[in-house]
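What follows is a short report on a single structure.
The values are calculated or read from the model by the stated rules, or taken from the named source; none is laboratory data. Remember, it's a predicted structure, so these values are computed and weren't measured experimentally. Positions of Cβ are generated from backbone atoms using ideal geometry, with glycine treated the same way; all protein chains shown enter the neighbour counts. Ligands, DNA and RNA are excluded from the accessible area calculation, which covers all protein heavy atoms including side chains. Shrake-Rupley method; radii C 1.70, N 1.55, O 1.52, S 1.80 Å.
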Amino acid sequence: MINARIGLFVLIAFIGACGNGEATKKSLAPLWVSPVDNKEMVLVPAGEFIMGTDKVDTENQHQKIGAVKELYVDQHPERKLTLDAYYIDKHEVTIGEYKRFIEDTGYDEYPANWVEGNPPEGMDDFPVTHITWAEALTYALWAGKRLPTEAQWEKAARGPNGSLYPWGNEYEKGQANIDIEATRDVAAVGSFPKDVSPYGALDMAGNVMEWTSDWYQAYPGNDYKDPRFGMNFRVLRGSSFQKAGHYFLDAYHYAFSRTEVDPDGYYENVGFRCVKAIETKSASEKK
């Protein structure tokens with residue numbers, strides 16, 4: 001649950017964000033710097049993209065790893081969607097950026113791995129982790145942004161042609177901070193420059209998983225029945241560094257993969273990035 005203090009910051013940030021749509025269609029730049037948190041954001045143009053997959057696990061790998069849910073079934077069906085243009089953070093929110101947010105607002109919900117309110121030393125350029133969904137949302141609203149929807153995150157990662165990975169359709173070991181060839185620990189943002197999407201967003205395949213705004217629900221047209229569907233779990237996108245376990249499977253490396261978790265939980269391999277809607281002038285405003 002969002003406590004009273006979180007709710008206050010969310011309300012203040014929401015009011016500030018509502019009137020902060022200065023971009024117009026004619027002024028869209030491929031790179032934009034957010035005036036509040038000074039983060040670089042990359043443009044994801046308006047248009048169609050491919051979301052989800054029709055892939056089927058013919059080898060029943062979920063049984064080999066002791067999972068109840070078949071692989072890919074909650075990512076069905078593959079479909080085309082259209083989104084308006086938006087900006088997305090070039091990389092995940094860092095510890096240094098989150099620290100500035102706390103200093104600017106007086107927010108006192110610190111990440112769980114900070115000691116007496118102090119972040120780990122020498123890690124300002126690393127993704128902030130150990131924060132709940134509500135804490136990530138509060139930062140986003142303070143910055144005049146939002147957490148991305150699944151669709152926004154997936155389009156930013158896969159591009160207009162539905163690539164399987166941010167860089168294309170062929171998996172290359174060591175290209176992202178995932179799998180046994182990588183660091184097996186969190187890395188500074190941008191440490192894997194080849195892990196880049198068609199729009200220039202970094203670390204969307206690996207490093208840390210990322211909070212989205214969506215509840216874990218079935219996609220339209222998906223008749224798979226999962227008792228976890230509903231409004232109990234939020235969706236994480238992207239893969240992350242791993243020390244061991246089933247996340248080493250190829251199925252979790254795809255850019256269409258999704259993971260559901262308790263929004264009140266915090267995790268060592270979960271962070272976030274934000275999006276900014278582009279508000280264009282209406283016909284009446286142009287006159």
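A few points about this structure:
- Of the strands (runs of 3 or more DSSP E) lying entirely inside the stretch 1-88, not one contains at least 2 residues that are among the hydroxyl-bearing types (Ser, Thr, Tyr) and at pLDDT below 95.
- Checking each residue in the stretch 73-94 for being surrounded by 21 or more Cβ atoms within 10 Å (Cβ to Cβ) and either closer than 16 Å to residue 142 by Cβ or in contact with an Asp or Glu (Cβ under 7 Å, 6 or more places away or on another chain) (or both) picks out 74, 89, 90, 91, 92, 93, 94.
- Leading residue by the ranking (farthest from the chain's Cα centre (by Cα)) among those in the stretch 191-220 that are surrounded by fewer than 18 Cβ atoms within 10 Å (Cβ to Cβ) and closer than 26 Å to residue 263 by Cα: 220
- Cβ separations smaller than 7 Å between residues 6+ apart or across chains give the following pairs from the stretch 270-287 residues that are assigned to a loop (DSSP other than H, G, I, E, B) to residues that are open to solvent by 70 Å² or more (accessible area, probe 1.4 Å) and at pLDDT below 75: 280/25.
- Of the residues making up the stretch 115-160, those that are in contact (Cβ under 8 Å) with a residue 24 or more places away in the chain, assigned to a loop (DSSP other than H, G, I, E, B) and open to solvent by less than 30 Å² (accessible area, probe 1.4 Å) are 119, 128, 129, 131, 132, 143, 144, 145, 147, 148, 159.
- Every pair of residues 6+ apart whose Cβ atoms lie under 8 Å, when the first sits in the stretch 54-66 and is under 21 Å from residue 222 (Cα atoms) and open to solvent by less than 70 Å² (accessible area, probe 1.4 Å) while the second is modelled with pLDDT under 70 and in a helix (DSSP H, G or I): none
- Any hit, the stretch 169-179, residues being in contact (Cβ under 8 Å) with a residue 12 or more places away in the chain, open to solvent by 10 Å² or more (accessible area, probe 1.4 Å) and at positive phi: yes
- The condition of being within 25 Å of residue 96 (Cβ to Cβ) and out of contact with any helix residue (DSSP H, G or I) (no Cβ under 7 Å at 6 or more places or on another chain) holds for only one of 149, 183, 212, 138, that being 183.
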